[in-house]
Structures are given as structure tokens and as C-alpha cells.
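The structure under discussion appears below in the form of C-alpha cells.
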């Protein structure tokens, strides 16, 4: 049978087994859509990304991104995972560190990923597409029941939503401790996602569990087969746009650090920046390779 090279990496992490794991399949041309979906189900990670030749001269490579249940037009941690794998492959092929920008083609468009060495770490920063804000109406009682939080912990507005490639809805809680203590009802969140057509529900607070961090986030996408996502680049991009609009972290431009995944034992860091509520947010982090293999396709 045919085989392909496979790496598994941890995105938004500075050490193995933190952040968000992603499977990256190289040289994916010739793999059928059905087989890609089957492979993603087999990997059983939040997303699996397949690397293909670009269809435009504006891109360096093309990425197709699958959850265990469906293909997404864009996702954050697969984007920096793919960029890391392409970049590291170039280095290992003898091209050195000369590459400082990669352009990824995906169904959401061309996503640039800047590569910057900061001290001893390499940070991959994507610029997501400008946000589209979405009006939603979710009753307060339905939201706090779905989250498993106290009603007094849920701040107004009950829900905000945006898309910077894929749509997320957000609830804001009064403290990072309230975010950590959530007991979400996945059936209820699935119902809200299906009713609204939104990928998932993210919950945030200003403040964090760790020192030197500004925002705490958790993200739930059970309708996509991902009950809780460890660290979510797309949701963090949407949140940056929402924070630039609602002023909860101060006036734009904003640059801050977010944490996610602590409750799953996958503590990750996201570096976020946004010029204003109309601009594409920049979301970055480190990536660590944890596995190399050969995949039977």
C-alpha cells in the first residue's frame, strides 16, 4: 500500500506534551477526500492537516484541515503546525534559517505565517483574515446551563461571535477561577452550535492562572467531535477581534498573552496582537515536534 510521511507536533507549546497536538501528513496529493477524513478520524486529534502543492503562485503550499468529523476552511493550530513542518523540512533539506515568511493556501484564502527567532525560541505567527462579527441571541439561562457555571459568573453580553476564518461564539466570565471551574454540558453546547451554525463555544476571562498572562480561555466544539480543544488558534483570533471591539482589555491596538489547556494538562501560550476591530488579528506561538512516522494511506 502507499505510504506518506507523518509528523505529530504540539502547537502553542514550548515543551513536548503541552499545547495542542496536530498530525501533519506530507505529500498528500493523491489521497482522496474520504481517505483524508478517515485518517483524521484515526488520528482522533482536534485536527489533522494534509500538505499539498499550492494552486496559486501566491502560496508556498496548500493545507487541508480535518477534524475527526469534517473538513474546516481554516484552523489556527494546524496552520502554525503546518508552517513549522514546512519550515523544519526546509532546514533539514539544507536551506538553513533563511525563510522568514510562509504563505499557506487553504479554503479560507492565503494565510501568511511569519517566522521569527526570539532569543532561543522560534515563534510562528499567522495573520488571520479580518473579522466578521455575528449577531446571535442565546438566552442567558440556556448559556449558563450549557457552561455549568453560576449565573452570577456570566457577564453581559451573554454571547458575542466572530469569524476570522471559522466562526466562534464567546461567553465572558467574571474571573479566571470561574473559567477553570466550568462543568460544560456537551449535549447542550452541541445543540447551540447546530442551531446557530457556529463551530463552537469559547469562554474567557480577563486575568489568568499563570503569572505574566493576560487572558484565560477554554474552547468547546463537541459538534465537531472535539469536546474541549486544548489550545485554539482560530478562537483566539476571533477573541482578539472581539476584545478590540468591546474594550474589555483596554483600547486597541492590543498585544497580550493568553493561556489555554491548563485544565486538560496541556498548558499552552498564545501571543496575540490586533491593530483594531477591523484588522486581521495576529496569533502566534511555538511548536514542538514529538513524533515522526510513516502513514499507510
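The values are calculated or read from the model by the stated rules, or taken from the named source; none is laboratory data. These numbers come from a predicted model, not from an experiment. Every residue, glycine among them, receives a Cβ derived from its backbone with ideal geometry; neighbour counts consider all protein chains shown.
Kindly indicate whether residue 39 is at pLDDT 95 or above, in a loop (DSSP other than H, G, I, E, B) and surrounded by fewer than 24 Cβ atoms within 10 Å (Cβ to Cβ). Steps first, please.
On the way: at pLDDT 95 or above: yes; in a loop (DSSP other than H, G, I, E, B): no; surrounded by fewer than 24 Cβ atoms within 10 Å (Cβ to Cβ): yes.
Against the criterion (at pLDDT 95 or above, in a loop (DSSP other than H, G, I, E, B) and surrounded by fewer than 24 Cβ atoms within 10 Å (Cβ to Cβ)), residue 39 does not qualify.
Take the conditions surrounded by 16 or more Cβ atoms within 10 Å (Cβ to Cβ) and either more than 18 Å from the chain's Cα centre (by Cα) or closer than 26 Å to residue 122 by Cα (or both) and apply them to residue 30. Does it pass? Give the steps one after another, and end with the answer.
Details: surrounded by 16 or more Cβ atoms within 10 Å (Cβ to Cβ): no; either more than 18 Å from the chain's Cα centre (by Cα) or closer than 26 Å to residue 122 by Cα (or both): yes.
No, not satisfied.
I'm told residue 226 meets every condition in (1) at pLDDT 95 or above; (2) buried (at least 20 other Cβ atoms within 10 Å of the Cβ) except one. Can you identify the failing condition by its number?
(1)
With (1) surrounded by fewer than 21 Cβ atoms within 10 Å (Cβ to Cβ); (2) in contact with a strand residue (DSSP E or B) (Cβ under 9 Å, 6 or more places away or on another chain); (3) over 23 Å from residue 285 (Cβ atoms) as the list, and residue 187 as the residue in question, which single condition is left unmet?
Of the numbered conditions (1) surrounded by fewer than 21 Cβ atoms within 10 Å (Cβ to Cβ); (2) in contact with a strand residue (DSSP E or B) (Cβ under 9 Å, 6 or more places away or on another chain); (3) over 23 Å from residue 285 (Cβ atoms), the odd one out for residue 187 is (2).
If you take the residues of the range 245-273 that are within 16 Å of the chain's Cα centre (by Cα) and part of a helix (DSSP H, G or I), which of them is nearest to residue 286 (Cα to Cα)?
Taking the candidates together, the pick is 262.
As an exercise: evaluate residue 55 against (1) within 16 Å of the chain's Cα centre (by Cα); (2) over 16 Å from residue 8 (Cβ atoms); (3) modelled with pLDDT of 95 or more and give the number of the one condition it does not meet.
Here residue 55 clears every test but (1).
Which one of 84, 74 is closer than 19 Å to residue 10 by Cα and part of a loop (DSSP other than H, G, I, E, B)? Working first, answer last.
Working: 84 fails: part of a loop (DSSP other than H, G, I, E, B).
Being closer than 19 Å to residue 10 by Cα and part of a loop (DSSP other than H, G, I, E, B) holds for just one of 84, 74, which is 74.
Looking at this structure, is residue 292 in the same structural domain as residue 13 (by TED's automatic domain parsing) and over 24 Å from residue 135 (Cα atoms)? Write out each step before concluding.
Values: in the same structural domain as residue 13 (by TED's automatic domain parsing): yes; over 24 Å from residue 135 (Cα atoms): yes.
Yes: the conditions hold for residue 292.
For the range 220-244, enumerate the residues that are in contact with a strand residue (DSSP E or B) (Cβ under 9 Å, 6 or more places away or on another chain) and assigned to a loop (DSSP other than H, G, I, E, B). Walk me through how you get there before you give the answer.
Let us first name the residues in the range 220-244 that are in contact with a strand residue (DSSP E or B) (Cβ under 9 Å, 6 or more places away or on another chain), namely 220-224, 226-244.
Matches in the range 220-244: 230, 231, 232.
Considering only the range 46-55, I want to know if a residue exists there that is touching a residue at least 60 places away in the same chain (Cβ under 8 Å) and over 17 Å from residue 288 (Cβ atoms). Quick ask: steps written out before the conclusion?
The first filter runs over the range 46-55 and keeps only residues touching a residue at least 60 places away in the same chain (Cβ under 8 Å), leaving 46.
After this cut, where a residue has to be over 17 Å from residue 288 (Cβ atoms) as well, the list is none.
No: the range 46-55 contains no residue that is touching a residue at least 60 places away in the same chain (Cβ under 8 Å) and over 17 Å from residue 288 (Cβ atoms).
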